[in-house]
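Here's the structure we're looking at; comments come further down.
The values are calculated or read from the model by the stated rules, or taken from the named source; none is laboratory data. Nothing here was measured: the structure is a model prediction, and the numbers come from that model. Cβ: placed from backbone, ideal geometry, glycine included. Neighbour counts: every protein chain shown. Only protein heavy atoms, including side chains, enter the accessible area calculation; ligands, DNA and RNA are left aside. Shrake-Rupley method; radii C 1.70, N 1.55, O 1.52, S 1.80 Å.
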Amino acid sequence: MRSLRQAAPARPALITGGTVTALAAAAGLLLAGCDAGSEGVRKEGTAQTQSAAKPSHVASASAVPTQEKVDAIKLIKGDPKVSDQVKKNLKPCTKNEYPVDVIYGQLTDGSRNDVVINVMTCADSIGVGSYVYRAKGDSYVNVFAAEQPPVYADIDRRDLQVTREVYGPGDAACCASGRDVMTYHWSGNEFRETGRTHTDFSKVGNNDKELPSVGTEG
């Protein structure tokens, strides 16, 4: 499966095009979207049956070496805002190795670093859920959730960047038609979308080529 390519930051995501049902079985998830709740939580999107791998440039490691590590699995399993399907399917791939990426950094102007957790499938690293946790006292509170596969969240400077592949009718699971990249900035007590970039991938010759779409929303 082709890894997500980095796109420029760009406003909430609406994935267009057809669905890819084959990878829905691989992900084993039909995730229900929720509206924004209390504590500034924003929950993105409704269930889709598309799939994609995490961006190749993102390492499964802390961005801050001195950061006190969190128990990502405990956070996800104990969070009532995480869907039951994500919790049910979050199991070790080998022994105690879970398919999660944990990224630390400043997003919400708190006194401690925020934590971004991406939950994926074992076989293909398909992003099935992305969450942001903000430090509150001795614990962490969920302030952002995206459970519309394929999804992957990252920190771009002090902004939250959420990436999704876009599939059109007839697209193979390996070869999406394009990509949406949404950028969010923390404002007050919630994330607000500040931009969106859509990229159309070339269907001619090398599938790794990209053709940018005409115009960018902002």
For this session: Restricting things to alpha carbons, tell me how big the range 72-200 is in terms of Rg and Dmax, in Å.
Result: 15.2, 49
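Which entries in the list 88/136; 69/91; 95/203 go over 30 Å, if you measure between the two C-alpha atoms of each?
Numbers: 88/136 26 Å; 69/91 20 Å; 95/203 40 Å.
Result: 95/203 exceed 30 Å.
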Seminar exercise, completed: Of 88, 81, ordered by accessible area with the largest first and a 1.4 Å probe, the sequence is 88, 81
Problem set entry | Packing rank of 123-132, 101-110, 185-194, where each peptide gets the mean count of other beta carbons within 10 Å, highest leading | 123-132, 101-110, 185-194
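Gain in length, residue 157 to residue 111, computed as 0.36 nm per residue apart minus the alpha-carbon separation, to one decimal in nm? List each step's numbers first, then the result.
Working: separation 46, 0.36 × 46 = 16.56 nm, distance 1.65 nm.
Difference between extended and current length: 14.9 nm.
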